[in-house]
Amino acid sequence: MKTLLHTVFGVVLMGFILTGTPAFATPTLQIDGSGQLTGATEVDVAGTLYDVTFVDGTCTAIFNGCDATNDFEFQTQTGATAAAQALLDHVFIDNPNFSSLLPDSRPERTTGCESLFRCNVLIPFHFSPGSIRTAVAQNYSVESFDVASNQSPIHPSGTDTTRYATWVHADFTRSSAPITSTPEPGTMILLSTGLLGLAGYRWQQRRREGSQVG
């Protein structure tokens, strides 16, 4: 019986531990008066929330002079590629709340991009004298073509994306939004099972004690 009791308590304890699973809010798209997608807030990148703004111009003008790797929010290829994938997964999606405003199948709806076919969103992660390396969220009008690439060629840091119809920079900053915690359905079932088992054990124990007294 002690083994059963320990097992039940273990299940209950595990349920309580797992119940606090982090859950992130759906990003809020930022739309300007002309219907262009200028950025988004609360974008989940590998478990951390970020706000992002799409900005045309040079790396030098956008990223604090663009003369050191620590000018960038993501400073590894892995981190920048994860950010690119997060844009494709959570921002460049056809949102029914915006009817005709479809930033996935209409890449030209993104600020800085004029091409009807493709928008390349550059996320810089490494600086070397005179040049930068970037990951790229390649948002195509055909969703199956979309790709988060970490094989972008090296760009001169003075490259002005306003000169290119398919290029724009993504400026990421940590979001100030709090992380919420919600239970997952499977966890709630596990917890309920543990509680029911505990209740059943206690009922049987009281019944035996009553029989012994009688």
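The values are calculated or read from the model by the stated rules, or taken from the named source; none is laboratory data. Predicted model, so just to flag it, every value in this text is computed and none were measured. Cβ: placed from backbone, ideal geometry, glycine included. Neighbour counts: every protein chain shown.
Key figures for this structure:
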item	result
Failed item, numbered, when Ala137 is tested on (1) small (Gly, Ala, Ser); (2) in contact with a Leu (Cβ under 9 Å, 6 or more places away or on another chain); (3) surrounded by fewer than 21 Cβ atoms within 10 Å (Cβ to Cβ); (4) in contact (Cβ under 8 Å) with a residue 40 or more places away in the chain	(3)
Strands (runs of 3 or more DSSP E) (entirely within the range 101-214) containing at least 2 residues that are at pLDDT 60 or above, of a type in the set (A, V, I, L, M, F, W, C) and within 27 Å of Asn70 (Cβ to Cβ)	118-128, 131-140, 167-174
Residue under evaluation Val52, criteria (1) assigned to a strand (DSSP E or B); (2) touching a helix residue (DSSP H, G or I) at 6+ places or on another chain (Cβ under 8 Å); (3) free of Cβ contacts under 8 Å to residues at least 60 places away in the same chain, criterion not met	(3)
Residue among Leu5, Leu18, Leu13, Leu29 that is surrounded by fewer than 14 Cβ atoms within 10 Å (Cβ to Cβ), outside any loop (DSSP other than H, G, I, E, B) and at pLDDT below 95	Leu13
